[in-house]
Amino acid sequence: MPDLRRRQTLCWGASLVALSTTAMTHDLLAATPAIPAELGTALPGARLVGTGVLRFFGLRVYEARLWAPAGFNPQDYTRQPFALELVYDRKLEGEAIAERSIAEMRRVAPFSEDQARQWLRMMKQAFPDVAAQDRLLGLNDGTGKVVFLHNGRETAAIDDALYARLFFGIWLSEQTSAPALRAALLGQS
């Protein structure tokens, strides 16, 4: 009798794994995101490089998507055009997003308190409060200009190569606090 129970448990477990894998594969195939409309003219020829999810204590915060023309080189991301899109899964305050961005930028490289104040002021304008399914998109032109959009509407722009390197370095630099997300964005996972 114990052998029968063990076999039933193993079969039940295998069935559950098969169902989970099928559901995940179906979700991945069905959920291939469409290129954001705003990239049609701003980043012609863009394709999805990779996508990943940021979780905090197991809860989904956002899905990140990296869009770039063919030949994107992650080692030299600051000198290439690309867009980073974040699709939020929950409500967050824009001010908290801006403040967290400054803290994460400090992991990439040091910068002055004066720069921090200037960048924080700009990001508070760039990042409004978000709700589930809201999109924030940062567009890097490859020369230091960054344009931010919220649900397709421009919210702020800055022409500062150091800012561009540090801000996008939150996700793309080797100093990121989320190496698994970086690998997913770069299509390495």
- Ordering 162-168, 127-133 by per-residue average of other C-beta atoms within 10 angstrom, highest first, gives 162-168, 127-133
- Query: Expressed as a rounded percentage, what relative contact order does region 45-149 have, with Cα pairs under 8 Å and six or more residues apart?
  - Reply: 29 percent
- Query: Under 20 Å from the 7 Å Cα→Cβ point of residue 32, by amide nitrogen: which residues of region 49-78?
  - Reply: 49-53, 63-72
- Once you put a point 7 Å from the Cα of residue 118 and another 7 Å from the Cα of residue 80, both along the Cβ direction, what distance in nm separates them? 2.8 nm
- Per principal axis, descending, Cα span of region 62-169 in whole Å: 35, 33, 22
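Bear in mind these aren't lab numbers, they're just calculated from the coordinates by the rules spelled out. Quantities reported herein were computed from a predicted structural model and do not represent experimental measurements. Please note: Cβ atoms are built from the backbone with ideal geometry, for glycine as well, and neighbour counts cover all protein chains shown.
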